[in-house]
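Laboratory data are not the source of any read-out in this text; all were calculated from the coordinates shown. Bear in mind that the values here come from a model prediction, so they are computed numbers and not experimental data. Here the Cβ positions follow ideal geometry from the backbone for every residue, glycine too, while neighbour counts run over all protein chains shown.
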Amino acid sequence: MAEKSITVPLLVEQINRYVSIDGNGVGGNLYMVLSNKNVSNDDIDFCLNQAQKNNDVDGIELANLLLSASKTQRLKACNQW
């Protein structure tokens, strides 16, 4: 099966799903990216490490998805949720 291409609507959908989980309202382990809009690879890697330390499977998945997107896509998605 072909992999889904990364689009801003896909990112927004996944971000909305993640922040709807109890405790993630302001971005959970990815708050630095989602709420503060720090979208560099280093920022996402930091949040990915936090998600891994906290066994946040959804956060790990979202961080990896964000790393697969362009910086422009990440910023657009973070401005839309």
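For the reader, a short list of remarks on this structure follows.
- Summed residue charge, Cβ within 11 Å of Leu66's Cβ, Lys/Arg positive, Asp/Glu negative: -1
- In sequence order, calculated HN-Hα J values of the range 74-81 (Karplus, 6.51, -1.76, 1.60; Hz; x Gly/Pro): 4, 5, 4, 5, 5, 7, 9, 8
- Helix-only CD estimate at 222 nm, as mean residue ellipticity for the chain, using -39500 (n - 2.57) per DSSP H run (n ≥ 4): -18500 deg cm²/dmol
- The chain - percent relative contact order, Cα under 8 Å, separation 6 or more: 38 percent
- With coordinates expressed along the principal axes, the C-alpha atoms belonging to the chain extend over 30, 29, 24 Å, beginning with the largest.
- Couplings 3J(HN,Hα) for the range 60-65, derived from phi with the Karplus relation 6.51 cos²θ - 1.76 cosθ + 1.60 (θ = phi - 60°), are 4, 4, 5, 4, 5, 4 Hz, where x marks Gly and Pro.
- If you sort the three axes of the alpha carbon gyration tensor as a ≥ b ≥ c, you get a/c of 1.5 or more for the range 23-67 and a/b no higher than b/c, which makes it oblate.
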